[in-house]
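Read through the structure below, which is laid out as structure tokens, and then see the notes.
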Amino acid sequence: MLKSIQARVSNQFNVSVAECDDQDLWQSAVLGFGVVGSSRSIVEATLQKVIEFVDNLGLAEVGAAEVEFFSC
């Protein structure tokens with residue numbers, strides 16, 4: 001199921017996807033999505049669409065979503 005979510009997100013959006021935490025627990029997972037862009041608003045909108053997309057897949061329950069920005 002987790003690999004399916006990762007593949008679907010990768011196919012739908014131009015983002016990087018990685019399992020970031022809880023690898024040793026079978027009942028939960030933490031996925032990280034990475035987006036690089038020149039406009040914070042576009043990056044934020046893309047990440048929001050990814051979160052909604054994963055939630056709408058119905059393959060897993062989205063427990064919490066957190067967005068962090070790093071600038072250079």
What nm value, rounded to one decimal, do you get for the distance between Ala7 and Asp55 when each label is placed 7 Å out toward the C-beta? 2.6 nm
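Starting from the exponent 0.38 and prefactor 2.2 Å, build the expected Rg for the stretch 15-72 from its residue count and divide its actual Cα Rg by it. Could the numbers behind the result be given before it?
Working: Rg = 12.5 Å, N = 58, 2.2 N^0.38 = 10.3 Å.
That ratio works out to 1.21.
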How charged is the neighbourhood of Leu47? Take every other residue with its Cβ under 12 Å from the Cβ of Leu47, and add Lys/Arg as +1 and Asp/Glu as -1. -2
For the chain, listing GluC sites (Glu not before Pro) in a DSSP loop whose Cβ sees at most 10 other Cβ atoms within 10 Å gives Glu61, Glu66, Glu68
Any residue on another chain or 5+ positions along whose placed amide H is under 5 Å from the amide H of Leu31 is listed here as Cys20
Folded to 0 to 90 degrees: helix 2-12 orientation relative to the chain principal axis, Cα: 30 degrees
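Any idea of the accessible area per residue across the chain, 1.4 Å probe, to the nearest Å²?
Working: 5600 Å² over 72 residues.
On a per-residue basis, 78 Å².
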Given DSSP loops and a limit of at most 13 other Cβ atoms within 10 Å, what is the longest stretch of the chain that contains no such chymotrypsin sites (Phe, Trp or Tyr not before Pro)? 27-68
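The values are calculated or read from the model by the stated rules, or taken from the named source; none is laboratory data. Nothing here was measured: the structure is a model prediction, and the numbers come from that model. Every residue, glycine among them, receives a Cβ derived from its backbone with ideal geometry; neighbour counts consider all protein chains shown. When the accessible area is computed, the model is the full protein with side chains, heavy atoms only, and any ligands, DNA or RNA have been set aside. Shrake-Rupley method; radii C 1.70, N 1.55, O 1.52, S 1.80 Å.
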